[in-house]
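Notes follow the structure.
The values are calculated or read from the model by the stated rules, or taken from the named source; none is laboratory data. Because the structure is a prediction, the values reported are computed rather than measured. When we count neighbours, we look across all protein chains shown, and the Cβ atoms used for this are built from the backbone with ideal geometry, even at glycine. All accessible areas refer to the heavy atoms of the entire protein, side chains included, with ligands and DNA or RNA removed. Shrake-Rupley method; radii C 1.70, N 1.55, O 1.52, S 1.80 Å.
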Amino acid sequence: MAALSPAKHIMYVTRNRDHMLVREHIRLGKRAVVLEQGLNGEQIVIYDNGMQLPLMWTHVIPATLEGKALHNVENAMFAAGMAYALGKTLDQIRNGLRTFDNTFFQSPGRMNVFDAHGFRAILDYGHNEAAVGAMVDLVERLQPRGKKIVGVTCPGDRRDEDVTAIAAKVAGHFDRYICHRDDGLRGRAPDEMPRLMRAALSAHGVDDSAIHIVEQEEDALN
């Protein structure tokens, strides 16, 4: 893609500071955004024209949940890179990252966290294997002390193998699994998606007693 791009500048973004392609790119004075380990945690660093420009620690970016939501660390890195390429100053980029969070009001349906009920609830419209995997990784990094309950589904217009892939991501990481369906069926029968999900979870080693079908989305949430 880089070889075919007409862009004046190519900027690589990586969590791997030892990536050989990116290191050579930086050595040639070209642009990159890199996640680097420091004494105070992980830091986003921009490289440009031989300069190393420390941007900010990931744990002070609200949308990363103190750096534990790695997918939002990556999102912040890409956002920083694009803003820098558009001519924004480092202080403008820092201000943007500090003032954007994952509340329902700023980012509805995307990793919204609710702590007002005596337990923590995380709401995310993860509709593919990668998104669901990111949520599972986040839950593991948060190291919850109590039981872990997941409500899981897959949009009806996905392939059966996509259901299996999502089930594989969540299997073994929770104490209870509630299988439901989206309000929009997208061509599936009303009970088809939750039953496919239950079968996929069972095939991935989840005990049947831990799997529950509650078809309606709102009922499953309750």
What is the Cα centroid distance between the range 5-62 and the range 74-100, reported in whole angstrom? 13 Å
Order of 172-184, 47-59 by packing, highest average Cβ count within 10 Å first? 172-184, 47-59
Taking only protein heavy atoms and a 1.4 Å probe, what accessible area per residue, in Å², does the chain have with all protein chains in place? 60 Å²
Three-way shape call for the range 167-210 based on the alpha-carbon gyration tensor, with the a/c threshold at 1.5: prolate
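On a 1.4 Å probe surface of the protein chains, which of K8, K30, K169 comes out largest in accessible area, and what is the full order?
From most exposed to least exposed: K8, K30, K169.
Please list S209, S5 in order of solvent-accessible area, largest first, computed with a 1.4 Å probe with all protein chains present.
Of S209, S5, the descending order of accessible area is S209, S5.
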Ordered by residue, what ³J(HN,Hα) values in Hz, to whole numbers, does the range 116-129 give under the Karplus form 6.51 cos²θ - 1.76 cosθ + 1.60, where θ = phi - 60° and Gly and Pro are x? 8, 10, x, 8, 9, 10, 10, 10, 8, 7, x, 10, 8, 4
List the lysines whose Cα sits under 24 Å from the Cα of K30, skipping any in the same chain fewer than 8 residues away. K8, K88
Correct option for Cα extents along the principal axes in Å [calculated from the coordinates] among (1) 91, 43, 32; (2) 48, 36, 35; (3) 58, 43, 30: (3)
Taking the 0 to 90 degree range and rounding to the nearest ten, how far is the long axis of helix 90-99 tilted relative to the main principal axis of the chain, both from C-alpha atoms? 20 degrees
Against the longest principal axis of the chain, how steep is helix 192-203, in degrees 0 to 90 to the nearest 10, with axes from Cα atoms? 80 degrees
The chain, accessible surface, carbon-and-sulfur percent (1.4 angstrom probe): 52 percent
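Enumerate by residue number the GluC sites (Glu not before Pro) in the range 50-138 meeting two conditions: DSSP loop (anything except H, G, I, E, B), and at most 14 other Cβ atoms within 10 Å of the site's Cβ.
E66
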Rounded to the nearest 500 deg cm²/dmol, what is the calculated helix-only ellipticity per residue at 222 nm for the chain, with -39500 (n - 2.57) per DSSP H run of length n ≥ 4? -10500 deg cm²/dmol
Cross-link partners among lysines for K68, C-alpha distance below 23 Å, same-chain residues fewer than 8 apart left out? K147, K148, K169
